[in-house]
Amino acid sequence: GRALEGRGALAGRVVVVTAGPTREPIDPVRFIGNRSSGRMGYEIAAAAWRRGAQTILIAGPSHLPVPEGVELRRVETAEQMRAAVAEALPAADTLVMSAAVADFRPANAATDKIKKEAGGVPQIVLEPTADVLRATRDVRPAGCVVVGFALETADVVENGRRKLHGKGLDLLVVNDATEPGAGFEVETNRVVLLQPDLPDEALPLMSKAEVADRILDRVESILTAEPG
Ligand code: CTP
Ligand code: CA
């Protein structure tokens with residue numbers, strides 16, 4: 001429904017959220033994936049709609065229910081994710097890139113199922129995928145607030161700051177995987193919020209729904225601070 005649209009702090013804004021894993025085919029029945037559930041991105045999309053935004057959720061394979069009011073665009077591979085983001089970006093006031101996009105994919109996916117009778121052990125050669133966030137750098141609409149995610153296991157803030165600047169982000173949400181209760185396949189998260197001109201804010205352990213609200217609070221203040 002559209003019941004809440006037109007009200008709320010994000011009324012009139014278009015928020016594009018990516019979520020979930022990608023799958024990179026090895027052959028027609030096998031893929032390289034990852035442990036992302038999509039939950040963090042789905043919570044952000046749900047919260048953005050509650051705040052009145054027109055919300056587009058670009059999601060890799062996830063079994064989570066589609067949040068009320070949210071327009072779902074389903075993708076599978078990193079390349080499909082890149083194309084869907086490129087299509088949605090021109091209208092976006094905010095892009096939140098919470099998807100766990102594959103960094104590498106099989107260079108030559110087999111067109112037929114790989115059979116063990118063929119003999120030997122297949123060698124899967126990988127090639128890099130496009131960095132979806134970085135690819136948006138030169139084509140972001142003016143004033144579009146761009147949020148990235150990162151999961152780090154060491155030097156959390158230092159690595160995070162490097163990604164914040166390297167990808168040209170307004171906000172980076174770093175999952176501290178050195179802390180219990182953070183990361184994949186859990187309902188909770190422990191994150192550090194990084195912005196270019198603000199001190200780091202380490203949030204306590206909280207639900208992913210609460211983290212989503214903290215992120216959107218930051219997005220709202222960045223949108224409000226911008227001229228026009
Ligand atoms: N990202 C992306 N496209 C990719 C890989 C990552 O858009 N091919 C985005 C993620 O959605 C996330 C941010 O970049 O918002 C950081 O992802 P992360 O995996 O932490 O960083 P990478 O740049 O891939 O570096 P590494 O995995 O080597 O730490
Ligand atoms: Ca990566």
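Values quoted throughout were computed directly from the atomic coordinates according to the rules given, and no laboratory measurement underlies them. Computed from a predicted model, the values in this text were never measured in an experiment. So basically every Cβ, Gly included, is an ideal-geometry build from the backbone, and we count neighbours across all protein chains shown.
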Kirkwood-type radius of the range 132-196, with distances r between different C-alpha atoms, in Å: 12.4 Å
Value of [θ]222 nm, deg cm²/dmol, for the chain, DSSP H segments ≥ 4, -39500 (n - 2.57) each, nearest 500: -7500 deg cm²/dmol
Share of Cα-Cα pairs in the range 46-91 lying beyond 18 Å, as whole percent: 33 percent
Calculated diffusion of the range 117-228, Stokes-Einstein form, Kirkwood radius summed over Cα pairs, 20 °C and 1.002 mPa s, µm²/s: 135 µm²/s
For 197, 176, 93, order by how many other beta-carbon atoms lie within 10 Å, fewest first: 197, 93, 176
Reciprocal of mean inverse Cα separation for the chain (Kirkwood radius, Å): 18.3 Å
Residue 58 long-range amide H proximity, modeled H, under 5 Å: 17, 18, 19, 73
For the range 104-112, Karplus couplings with θ = phi - 60° (6.51, -1.76, 1.60), whole Hz, Gly/Pro x: 9, 9, x, 5, 9, 5, 6, 7, 10
Shape box of the range 1-127 [Cα atoms, principal axes, largest first, Å]: 63, 26, 19
Low-density loop positions, GluC sites (Glu not before Pro), the range 109-191 - DSSP coil, at most 13 other Cβ in 10 Å: 185, 187
Theoretical FRET efficiency, 1/(1+(r/R0)^6), r = Cβ-Cβ of residue 126 and residue 63, R0 45 Å, to 0.05: 0.95
Cross-link partners of residue 167 among lysines (Cα-Cα below 23 Å; sequence separation of 8 or more within a chain): none
